[in-house]
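The values are calculated or read from the model by the stated rules, or taken from the named source; none is laboratory data. What you see is a predicted model; the values in this text were computed from it and never measured. All Cβ positions, even for glycine, are placed from backbone atoms using ideal geometry, and neighbour counts span all protein chains on display. Each accessible area value is taken on the protein alone, full model and side chains, heavy atoms only, with ligands, DNA and RNA left out. Shrake-Rupley method; radii C 1.70, N 1.55, O 1.52, S 1.80 Å.
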Amino acid sequence: MSFIEFKNIEKKYKNAKKKSVTDFNLSIDEGEFIVFVGPSGCGKSTTLRMLAGFEEITNGTITIDGKVVNELPPRDRGIAMVFQNYALYPHMTVENNIAFGLKNINTPKDEIKRKVDWAVDILGLEEYRKRKPKNLSGGQRQRVAVGRAIVRNQKVFLMDEPLSNLDAKLRVGMRNEISKLHRELGSTTIYVTHDQVEAMTMADRIVVMKDGVIQQIGTPMNLYDNPKNKFVAGFIGSPQMNFFEVDVNGNIVKFSDGNKITIPEGIVKKLDGKSGKMYMGVRGEDIKLDNLNLNLYQDNILRSQIEHEEIMGNENNLYFKLGGITAVTRVGKDDLKRVGEDFNFVINTNKIHFFDLETEENITY
Ligand code: ADP
Ligand code: MG
């Protein structure tokens with residue numbers, strides 16, 4: 001039996017026109033690191049807050065460790081939570097901020113000391129323990145907030161956009177620290193973010209949401225390689241997947257600008273007889289400019305001109321026109337081109353997806 005279970009969970013706020021969360025079903029194993037990801041307003045926080053007990057559940061049941069918690073007050077659910085706007089007590093030192101929740105529930109003094117020592121050590125806050133929040137950096141303050149949550153030694157750890165207020169570099173550092181902490185503590189964790197990179201780098205499994213509805217649940221690579229629909233395909237991965245509106249006939253794909261390529265038998269089979277207009281999805285790294293690939297797929301060579309480029313060094317994005325859209329390819333430094341240069345390329349047709357124009361479902365899933 002799974003550790004946390006959402007069964008047909010729905011949320012409709014009072015006076016709201018539509019549901020904020022619709023038919024949400026999810027089973028979480030003990031010790032898993034789950035990330036809810038999706039654009040702002042898709043229902044991530046609402047779902048988390050229903051689990052924590054801060055928000056009433058309109059329909060459905062939530063089970064933690066075999067026990068239905070719908071009517072249970074937050075403090076009895078065995079949950080610790082870190083928010084985006086964590087409020088530290090400004091007049092208290094780091095160690096007193098961390099200890100505060102424990103004192104509140106009458107924890108014996110020596111136990112408080114042991115737990116605070118442990119948290120301070122694990123979070124690298126030893127030299128700051130006597131400082132007040134105003135004398136800490138954003139990252140250190142965030143670590144104090146995490147410390148306050150972990151000393152409570154709960155079965156479930158919830159985090160709602162805990163890194164949103166930090167600058168980019170700090171976010172990467174804290175991301176790694178939270179992952180490391182999870183490996184050490186092993187507590188079941190649900191982490192909410194709108195940032196797909198955070199989701200990809202931290203999650204055991206990702207839950208992609210849109211408009212209150214789960215779009216897909218899977219491991220990071222699973223979602224990247226096998227997106228169920230165009231939304232997931234476009235949301236996961238950077239730069240975004242290219243979507244070409246094409247006309248498919250047997251093994252021939254025709255772009256709107258008249259360009260044509262052939263696709264392999266395996267993909268034709270997955271199309272299962274479907275033909276006509278659809279979206280073809282191609283990831284940037286599956287558009288190849290190197291000689292090896294150009295030689296290998298000579299019959300499928302396409303040609304365009306570089307319109308714009310983003311040079312990062314090891315990875316570089318080249319933009320060009322194909323099939324009426326600006327497409328992007330991601331290349332290493334050996335395949336760099338100059339803006340305005342004409343170039344040949346091939347599409348790795350083993351890695352393409354086709355999406356229905358209407359439903360946007362992945363036909364080749
Ligand atoms: P996310 O965390 O994914 O950004 P939320 O869960 O905060 O999204 O919000 C989901 C939807 O519910 C949004 O449309 C939001 O406007 C609405 N919502 C959130 N909180 C309330 C509330 N207290 N009352 C009414 N509507 C709300
Ligand atoms: Mg939110």
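Miscellaneous remarks
- Cβ crowding within 10 Å averaged over residues, with 99-110, 257-268 ranked highest first: 257-268, 99-110
- The calculated 222 nm mean residue ellipticity attributable to helices in the chain amounts to -7500 deg cm²/dmol, summing -39500 (n - 2.57) over DSSP H runs of n ≥ 4 and dividing by all residues.
- For Tyr191, the amide hydrogen comes within under 5 Å of the amide hydrogens of Ile34, Val35, Phe36, Met159, counting only partners 5 or more places away or on other chains and with H modelled in the peptide plane.
- Surface accessible to a 1.4 Å probe, per residue, for the residues of region 1-73, Å²: 50
- Residue order by solvent-accessible surface for His353, His194 is His194, His353, largest first, with ligands and nucleic acids left out and a 1.4 Å probe.
- Of the solvent-accessible surface of region 1-132, computed with a 1.4 Å probe over protein heavy atoms with every protein chain present, carbon and sulfur atoms account for 47 percent.
- Between Met92 and Lys333, the contour length at 0.36 nm per residue exceeds the Cα-Cα span by 81.6 nm.
- Within the assembled protein chains, the solvent-accessible surface assigned to Phe231 is about 50 Å², based on a 1.4 Å probe.
- In this structure region 83-181 gives 53 Å² per residue of accessible area when probed at 1.4 Å with all protein chains present.
- Legend: distances between Cα atoms for Lys44/Lys269; Lys7/Lys155; Lys19/Lys155; Lys113/Lys134; pairs beyond 25 Å are Lys44/Lys269; Lys19/Lys155.
- Length-normalised contact order of region 242-333 in % [C-alpha pairs under 8 Å, at least 6 apart]: 28
- Highest average first, the peptides 304-317, 337-350 ordered by how many other beta carbon atoms sit within 10 Å of their residues are 337-350, 304-317.
- Of the beta bridges in the chain, as assigned by DSSP with both residues counted there, near 75 percent are antiparallel.
- Accessible area (Å², per residue) of region 207-365, counting only protein heavy atoms and a probe of 1.4 Å: 50
- Accessible surface of region 186-278 [probe 1.4 Å, protein heavy atoms]: carbon and sulfur percent: 46
- Amide hydrogen proximity for Ile363: with H placed 1.01 Å from N in the peptide plane, the residues at 5 or more positions away or on another chain lying under 5 Å are Phe354, Phe355, Asp356.
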